[in-house]
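Undergrad: Let me begin by handing over the structure; questions about it come next.
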Amino acid sequence: MKKDLTSIQDLSLKEINDIFSLTAQLKKNKNKFSQVLSGKTLALIFQKPSCRTRVSFEVGMYQLGGNSIYLSPGELNLGVRESIADVAKTLSRYIDGIVLRTFEHHNLLEMAKYAAVPVINGLSDFSHPCQALADIYTIKEKLKDFKGKLLAYVGDGNNVCNSLLFACARLGLKVNVATPEGFQPDESALKAAKNVAKTFYRAEEAVKDADVIYTDVWASMGQEEEAEKRKEIFKEFQINRNLVKLAGKNALIMHCLPAHRGEEITDEVIESKNSIVFDQAENRMHVQKAILIKLLK
Ligand code: CP
Ligand code: NVA
């Protein structure tokens, strides 16, 4: 049976911990794994732009001895030139895995349903599980133990926030989420995380005593037209020096990137010594290599 990663919910706690153990080995001993996916090819289907996701999957696949093929938005014209089901069935005859970055989440489920090979979510409007896994791995590296630790997510209750909630629920990490009214995370994510999550409408309340402060853009890909309006709605949710002062001493600063400096986060905070945004970005590759080995090998 093939296994997909469309959501964190596809993984048990044990599977996540296995991915994290393998990630640690991959980081320590790159050479040992240099042929583990030899002869395998990964298709990267992107309907939105990307820096980290595309490059980390491509380089990761290369470092494991495999190949990847990038298919840009215009290339497949998914659902217009050809149905998702037909693309899934065709690609399954050539390749060993598919990463899909798309808009509606049901596109991913459709791809997973018809592909005979594993399908990995490279971001949808609903979720970004590879990001959340890399984020939690990074927090674990820095804080060692989640016990008694608190993550505060401040900003839009978007795809990144949903996946963080699902991941915190699985791993038992406490999480406060502060959003403007009407911008809360998805009901399903809040429901899954009900034992670990609290929601707020004020950033100041959410970051109190937090060990980690996390934010993301106020307008995600596909919401560009709302960007100006959102700047007004979210202006009290900026991660700046004054907000950081309210958090726990030495609180870590996280952002999935790309960042809109001066909007959801100030330059000063993202460049501060407690900012670990580029460690997060680096860990995308290590964690995804572990995911690729688990799913494709
Ligand atoms: N964080 C993230 O997924 O970045 P990209 O959009 O550049 O892939
Ligand atoms: N929420 C952002 C995340 C980018 C990695 C978006 O969907 O554009």
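The values are calculated or read from the model by the stated rules, or taken from the named source; none is laboratory data. In this text the structure is predicted, and so the values were computed from the model without any measurement. Every residue, glycine among them, receives a Cβ derived from its backbone with ideal geometry; neighbour counts consider all protein chains shown. Side chains are part of the model used for accessible areas, which takes the heavy atoms of the whole protein and leaves out ligands, DNA and RNA. Shrake-Rupley method; radii C 1.70, N 1.55, O 1.52, S 1.80 Å.
Undergrad: Going by the conditions given, is E271 surrounded by 20 or more Cβ atoms within 10 Å (Cβ to Cβ), modelled with pLDDT of 95 or more and more than 12 Å from ligand 1 (Cβ to nearest atom)? Spell out how you get there, then give the answer.
TA: Working: surrounded by 20 or more Cβ atoms within 10 Å (Cβ to Cβ): no; modelled with pLDDT of 95 or more: yes; more than 12 Å from ligand 1 (Cβ to nearest atom): yes.
Here the answer is no, as E271 does not meet what is asked.
Undergrad: How many residues, within the stretch 44-93, are away from ligand 1 (no atom under 16 Å from the Cβ), of a type outside the set (S, T, N, Q) and under 19 Å from A112 (Cβ atoms)?
TA: Total meeting the criteria: 13.
Undergrad: Which one is nearest to the chain's Cα centre (by Cα), of the residues in the stretch 149-183 that are open to solvent by 40 Å² or more (accessible area, probe 1.4 Å) and closer than 13 Å to V212 by Cβ?
TA: Checking each candidate, the answer is K174.
Undergrad: Which condition number does L37 fail, the rest of (1) open to solvent by 50 Å² or more (accessible area, probe 1.4 Å); (2) more than 16 Å from ligand 1 (Cβ to nearest atom) being met?
TA: (1)
Undergrad: Starting from the stretch 240-267, keep only residues that are touching a residue at least 24 places away in the same chain (Cβ under 8 Å) and surrounded by fewer than 13 Cβ atoms within 10 Å (Cβ to Cβ), then list their pairs with residues that are assigned to a loop (DSSP other than H, G, I, E, B) and among the β-branched types (V, I, T) whose Cβ atoms are within a distance under 8 Å, requiring at least 6 positions of separation or different chains.
TA: Here the result reads R241/T266, each pair linking the stretch 240-267 to a residue that is assigned to a loop (DSSP other than H, G, I, E, B) and among the β-branched types (V, I, T).
Undergrad: Give the residues of the stretch 217-256 that are out of contact with any Ser or Thr (no Cβ under 9 Å at 6 or more places or on another chain), away from ligand 1 (no atom under 16 Å from the Cβ) and under 23 Å from R284 (Cα atoms), sorted by residue number.
TA: The one that is out of contact with any Ser or Thr (no Cβ under 9 Å at 6 or more places or on another chain), away from ligand 1 (no atom under 16 Å from the Cβ) and under 23 Å from R284 (Cα atoms): A251.
Undergrad: Report yes if some residue within the stretch 140-154 is part of a loop (DSSP other than H, G, I, E, B) and either within 13 Å of ligand 1 (Cβ to nearest atom) or over 30 Å from L243 (Cβ atoms) (or both); otherwise report no. Steps first, please.
TA: Of the residues in the stretch 140-154, the ones part of a loop (DSSP other than H, G, I, E, B) are 144-149.
Subset that is either within 13 Å of ligand 1 (Cβ to nearest atom) or over 30 Å from L243 (Cβ atoms) (or both): none.
No: zero hits.
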